[in-house]
Amino acid sequence: MLSLLLAVFLLAVTIRSFDVFATQDPVGEVWSSLEFTPKPCTLRAASGCSPVLFNDEFDGSELDEDKWEVFEGSPAVSGGWLTLSETDIQSRLGFHSGILQGVIQSSDWKPQSQFSDSSFGFEIWTGNNGQCHYAILFKASGHLAVLRSQPDGDGNCFGDPLHQAYPPVSNWDAIRAGDTVSFTLSWCSDSVALEVSGNGQEGQSSYTGQAVPTVPLKIRLYAQPSETYKIDHIRLCACYAVYLPIIMCQ
């Protein structure tokens, strides 16, 4: 009889224990005591990319000569802008490929029917005699310029590059009318492309062929005499770069 009473008592205690654990929720009580209001978030595109191979925002009051070499003229830096007038600068580093981005302001953009030697992009003179010319450029007359010399057996070049192409940018006159032009010059593998926008308009140009250079090029920014260009920034991204988003919460 005593054994039966003890068994009944233990069963009652066990049931009560399960009931206590079933009704208590310490984790839930902690969360309910906190103020937790999810904030709405939006996904915005970042202006940069990864990896960045070269970048200059033209901060300060002087050209960063650790990044650039001045070949002609006197580049001026002020208020986050680089001003070029009869000026030729080139990056100290050379690159095998990349996606070059920039914003340029000028009232000297030329129609495609007029020649302008002012240009922004990739370029180099090399070879044993320094006359082998290679370039991938955004020309201030609304053209994509692609040039590749053919050295002789001694590594020398003479005359103009053997391979040249100058495909025009579409919608150029409407773009240049706004003075401020954004460009993206892509040099990846054996093809190049130029995307230009401004004045609420967009244009493109592209090329694939023998004129695409196969040697490292430097970034070159050049303004010919009587023309002035102000550059907000220059950024070079790796081909197939990852453009990182930014999550913005209120």
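The values are calculated or read from the model by the stated rules, or taken from the named source; none is laboratory data. It should be emphasised that the depicted structure is a prediction, and the values quoted were computed from it without experimental measurement. Every residue, glycine among them, receives a Cβ derived from its backbone with ideal geometry; neighbour counts consider all protein chains shown.
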- Task: State which residue pairs qualify: first residue under 13 Å from Leu236 (Cα atoms) and inside segment 97-109, second residue basic (Lys, Arg) in any location, beta carbons under 8 Å apart, and separation of 6 or more residues or different chains.
- Result: Leu100/Arg235; Gln101/Arg235; Gly102/Arg235
- Among the residues listed as Arg235, Arg148, the single one being closer than 30 Å to Ser61 by Cα and charged (D, E, K, R): Arg235
- Item | Near pairs, Cβ below 7 angstrom, 6+ apart or cross-chain, from segment 123-135 (at pLDDT 95 or above) to any residue that is among the basic types (Lys, Arg) | Glu123/Lys218; Glu123/Arg220; Ile124/Lys218; Tyr134/Arg148
- Message: Being surrounded by 21 or more Cβ atoms within 10 Å (Cβ to Cβ) and aromatic (Phe, Trp, Tyr) is the filter here; which residues of segment 206-232 pass it?
- Response: Tyr222, Tyr229
- Filtering segment 131-180 down to residues that are among the small types (Gly, Ala, Ser) and under 26 Å from Thr228 (Cβ atoms) yields Ala135, Ala140, Ser141, Gly142, Ala145, Ser170, Ala174, Ala177, Gly178
- Query: Taking segment 109-140 as the search range and keeping residues that are in contact with a Leu (Cβ under 8 Å, 6 or more places away or on another chain) and β-branched (Val, Ile, Thr), which one is nearest to Val70 (Cα to Cα)?
  - Reply: Ile124
- Scanning segment 83-142 residue by residue, those touching a His at 6+ places or on another chain (Cβ under 7 Å) and farther than 18 Å from Tyr166 by Cα turn out to be Gly102, Val103, Trp125
- Message: With the requirement that a residue be under 30 Å from the mean Cα position of the chain (by Cα) and either among the acidic types (Asp, Glu) or over 23 Å from Ile231 (Cα atoms) (or both), what does segment 120-129 give you?
- Response: Glu123, Trp125, Thr126, Gly127
- The one condition in (1) free of Cβ contacts under 8 Å to residues at least 40 places away in the same chain; (2) under 26 Å from Lys110 (Cα atoms); (3) not aromatic (Phe, Trp, Tyr) that Pro161 fails to fulfil: (1)
- Specify the residue that is farthest from His163 (Cα to Cα); the eligible residues are those in segment 197-216 that are part of a strand (DSSP E or B) and touching a Leu at 6+ places or on another chain (Cβ under 9 Å). Gly203
- Item | Leading residue by the ranking (surrounded by the most Cβ atoms within 10 Å (Cβ to Cβ)) among those in segment 121-174 that are small (Gly, Ala, Ser) and in a strand (DSSP E or B) | Gly121
